[in-house]
Structure formats: C-alpha cells, structure tokens
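Enquirer: My structure is below; once you've seen it, I'll send some questions.
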Amino acid sequence: MITPMDLGGDENIARRVLIRARSIAPCLDSIENGSERWKDAVALLKGVIAELPAPGSRRTRSMGRNGTTMSFEIASAFTNDDVASLRALCTQPDGKLPGLPVGSFPQPGIVDRMWPEGPYT
C-alpha cells in the first residue's frame, strides 16, 4: 500500500494526491510494496506532486489576464497521461480492468425472434 510518506514532501498534499489517485485507479492499495508496479506508481505520483504549484498559489482556482487563464487544483494536477498510466497499473495480464462486468448476454429467446437484432443506423 502506498502511503503519504512514500511520496515525500508535504503530508497533506501527498494524502490529497493519493485520494485522487485511488479514485482513478482503485487497485493502488492492492499493489505489493516494493514491486515494480509499486515503484512505477510511486514515481508517477511523485511526478504529479512535483507539478503542483507552490502552496501559496495552490488556493487559486483561476487567474486570467488578456485572454490567458490558469487554474490550480489537485484534480487538474493529473494529466491525461497520468490518468491513463495509473489505470494501466490496474490492468490484469489479460489486459482487462478489474471490476468490469463478467458474463455473457442471455441466450436468444422469444423476444429475439420477434425483434431480431441488426445493425444500427
């Protein structure tokens, strides 16, 4: 399990980043300490923390001047690449994400004969 101490820096910011990361990749708590995936996750989260603005300006939600705007918050610290990378850590060897539906659709029956499936237009 990744802890705020593993990420270093300000403990409160590390906790907030971890909370957000767990909402993106719920498997983070199940990654074995010291494993390669654990090291990858820690490196990624340290990178997210490094990109956060300084503590005084992190309270700023948006600033604008002459058509240029900036906003800061924990959620925006995660780039699309960070989100995809975190989710990739949760894939299983078959490439599927855990927690997705498992099973199949029911066998064709009366309704299928009355309203056959076809290509949608």
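The values are calculated or read from the model by the stated rules, or taken from the named source; none is laboratory data. Values in this document were obtained by computation on a predicted structure and should not be read as measured data. Because the Cβ atoms are built from the backbone with ideal geometry, glycine has one as well, and the counts that use them run over all protein chains shown. Note: areas computed on protein heavy atoms with side chains; ligands, DNA, RNA excluded. Shrake-Rupley method; radii C 1.70, N 1.55, O 1.52, S 1.80 Å.
Enquirer: Looking at the stretch 29-44, is at least one residue at pLDDT below 60, assigned to a loop (DSSP other than H, G, I, E, B) and among the small types (G, A, S)?
Expert: no
Enquirer: Go over the candidates P55, P101, P106, P116 one by one and state the one that is modelled with pLDDT of 70 or more and assigned to a loop (DSSP other than H, G, I, E, B).
Expert: Just a single option satisfies the conditions, and that option is P116.
Enquirer: Can you confirm whether R20 is closer than 15 Å to D82 by Cβ, out of contact with any Leu (no Cβ under 9 Å at 6 or more places or on another chain), among the basic types (K, R) and modelled with pLDDT of 90 or more?
Expert: yes
Enquirer: Quick one: how many residues across the stretch 1-13 are of a type in the set (A, V, I, L, M), modelled with pLDDT of 90 or more and open to solvent by less than 40 Å² (accessible area, probe 1.4 Å)?
Expert: 2
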